[in-house]
Amino acid sequence: MKVAVVGTGYVGLVVGACLAETGNDVVCADVDASKITNLKANKLPIYEPGLEPVVVRNQREGRLTFTTDVGHAVERSEVVFIAVGTPPDEDGSADLQHVLAVATTIGEHMNAPKVVVTKSTVPVGTAEKVRAQIAGKTTTLFHVCSNPEFLKEGAAVEDFMKPDRVVVGVDSTDAARVLEELYAPFVRTGNPLIFMDIASAEMTKYAANALLATRISFMNQIAQLCETVGADVTQVRRGIGSDRRIGPAFLFPGPGYGGSCFPKDVQALIHTAEERKVPVDILKAVEAANARQKRLLFEKLERHFDGQVKGRAIAVWGLAFKAETDDVRASPALVLIEALLAAGATVRAHDPAARETARRHLGDRVSYADHAFDALTGADALAIVTEWFEYRNPDFPRMKQLMRRPLIVDGRNLYDPARLAKLGFTYDSIGRRVTCASS
């Protein structure tokens, strides 16, 4: 099948590469000429495990091409995916200008009947706006579908190739048949391809992300309560996660959720509800709880220094909002570092993948270490923000030797508190009691 994907960010690039992997003839289009030039040379704009070999292989075999000519990509394709960004506007609503601009281009180049698929995360009602935008430019028959993505950064290729489910909102049986054929290779093992009306498909994406964000914020608040009553959140998590009604996923406490999806999707859903005068107090509480949680690591450090952070040298391990990505959008690490800098501390940071993306936000106000241990020399404390595998079992005696003070504030609960105490560290994690060498 001839497919066009407009937008080559996290979603568009993964969608295009994976559809090419199953034999489709895919062209990915983007107005960013430098990005397209780099993609043609197999230089990817993002770090995503497993994506580069898929792009390289399918370019080499001629199933995947890249272009800045969006109009031509539309004209030569039967199915057109809109996968451009929908960043949050100042009021928290999703900014649809890029989606609607693509819709205009599609309408202007509608040379034959096509199926247009909104892959971007968009509020309920966007598909109808896309339909109106296209219809204003053409009299050719077309169908509009909603096919929300459920890709986790760091596991996006795996998620696309082996999805839990594929959700498609359709306006006709003809469109449903096209999408069924396109997704058949990905649901052969029996995971469902779920067809529904378009509005329900659009809502499903926001509802899923909002619920996951709620679980995270809920568990973060339980963790804080655990600290005050002397409970261990790790044991609490195991206890409630074994309940089949709840399950173990998204119950790990941490420094707050970030990234490109949860923050903006929760905000957008709140905005949609407020427009329609529907109370969503739970989601407002989730957003407020997450904002507070992102301050938690700084507050812990501040307590260890009796409120005097000025002049302290703090090592930070992890800049990305989660492991296996270079994405720092809404990352708790940036909140921590900004708070430390504002308080007069110096920061030396390490991340295996996100150093350059973080530098765009932080500039040279932070020192960047090439290796994790390089950040520790003379440090008064280490703050762990991202759960990269290389941080999970480090050389603790060497760490203690390098640091001025053996203090670890761990936002990911990577280590065993009793072990750290025996090794002579003060160890402060989330939802567990603080341990130190004398305890």
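What to note about this one:
- For the range 71-82, Karplus couplings with θ = phi - 60° (6.51, -1.76, 1.60), whole Hz, Gly/Pro x: x, 5, 4, 5, 4, 8, 10, 8, 10, 10, 8, 9
- The range 8-74 versus the range 317-376: alpha-carbon centroid distance in Å: 29
- Three-way shape label, the range 186-300, alpha-carbon gyration tensor, a/c 1.5: oblate
- Dipole-positive endmost among Val122, Gly9, Gly239 within the chain (Cβ charges, Cα centre): Gly239
- For the range 190-253 versus the range 390-410, the gap between their alpha-carbon centres in whole angstrom: 31
- Relative exposure of Tyr10, Tyr257, judged by other C-beta atoms within 10 Å (fewest first): Tyr10, Tyr257
- Binned Cα-Cα distances of the range 322-372, short to long, each 5 Å bin given as a whole percent: 4, 21, 34, 27, 11, 2, 0
- For the chain, the fraction of C-alpha pairs farther apart than 40 angstrom is 25 percent.
- Quotient of Cα Rg and 2.2 N^0.38 Å for the range 356-406, N being how many residues it contains: 1.23
- Beyond 26 Å in Cα-Cα separation lie the following of the pairs Lys129/Lys264; Lys152/Lys284; Lys40/Lys322; Lys129/Lys205; Lys43/Lys322: Lys40/Lys322.
- In straight-distance terms, cross-link reach from Lys2 covers every one of the aspartates and glutamates whose alpha-carbon lies under 14 Å from its own, apart from those fewer than eight places away in the same chain; here that gives Glu21, Asp25, Glu75, Glu78, Glu181.
- Listed residue (Ala249, Leu225, Thr272) projecting farthest to the positive dipole end of the range 205-292, Cβ model: Ala249
- Residues Arg57, Arg245, Arg237, Arg303 in ascending order of nearby Cβ atoms (within 10 Å, fewest first): Arg245, Arg303, Arg57, Arg237.
- FRET efficiency, 1/(1 + (r/R0)^6) with R0 45 Å, evaluated for Lys40 and Leu225 via beta carbons: 0.25
- As a calculated quantity, the FRET efficiency between Ala273 and Asn191 at R0 = 45 Å, using C-beta atoms, amounts to about 0.90.
- The chain - charge dipole about Cα centre, Lys and Arg +1 at Cβ, Asp and Glu -1, debye rounded to 20: 1200
- Overall form of the range 24-79 per C-alpha gyration tensor (a/c, 1.5; a/b vs b/c): oblate
- Charge dipole of the range 308-392 (Cα centre as origin; +1 on each Lys and Arg Cβ, -1 on each Asp and Glu Cβ, all else neutral): 320 debye, rounded to the nearest 20.
- Percent of beta bridges antiparallel (DSSP, the range 2-196, rounded to nearest 5): 5
- Inter-site label distance for Glu180 and Ala135 at 7 Å from Cα along Cβ, in nm: 2.6
- Judged by the gyration tensor of its Cα atoms, with axes a ≥ b ≥ c, the range 82-205 is oblate; a/c meets the 1.5 cut and b/c is at least as large as a/b.
- Taking other C-beta atoms within 10 angstrom as a stand-in for reagent exposure, His350, His109 fall in the order His109, His350, fewest first.
- Estimated Rh, the range 294-428: Kirkwood, alpha-carbon pairs, angstrom: 14.5
Values quoted throughout were computed directly from the atomic coordinates according to the rules given, and no laboratory measurement underlies them. What you see is a predicted model, and the numbers here were worked out from it, not measured in a lab. With ideal geometry, Cβ positions are generated from the backbone for all residues, glycine too; neighbour counts draw on all protein chains shown.
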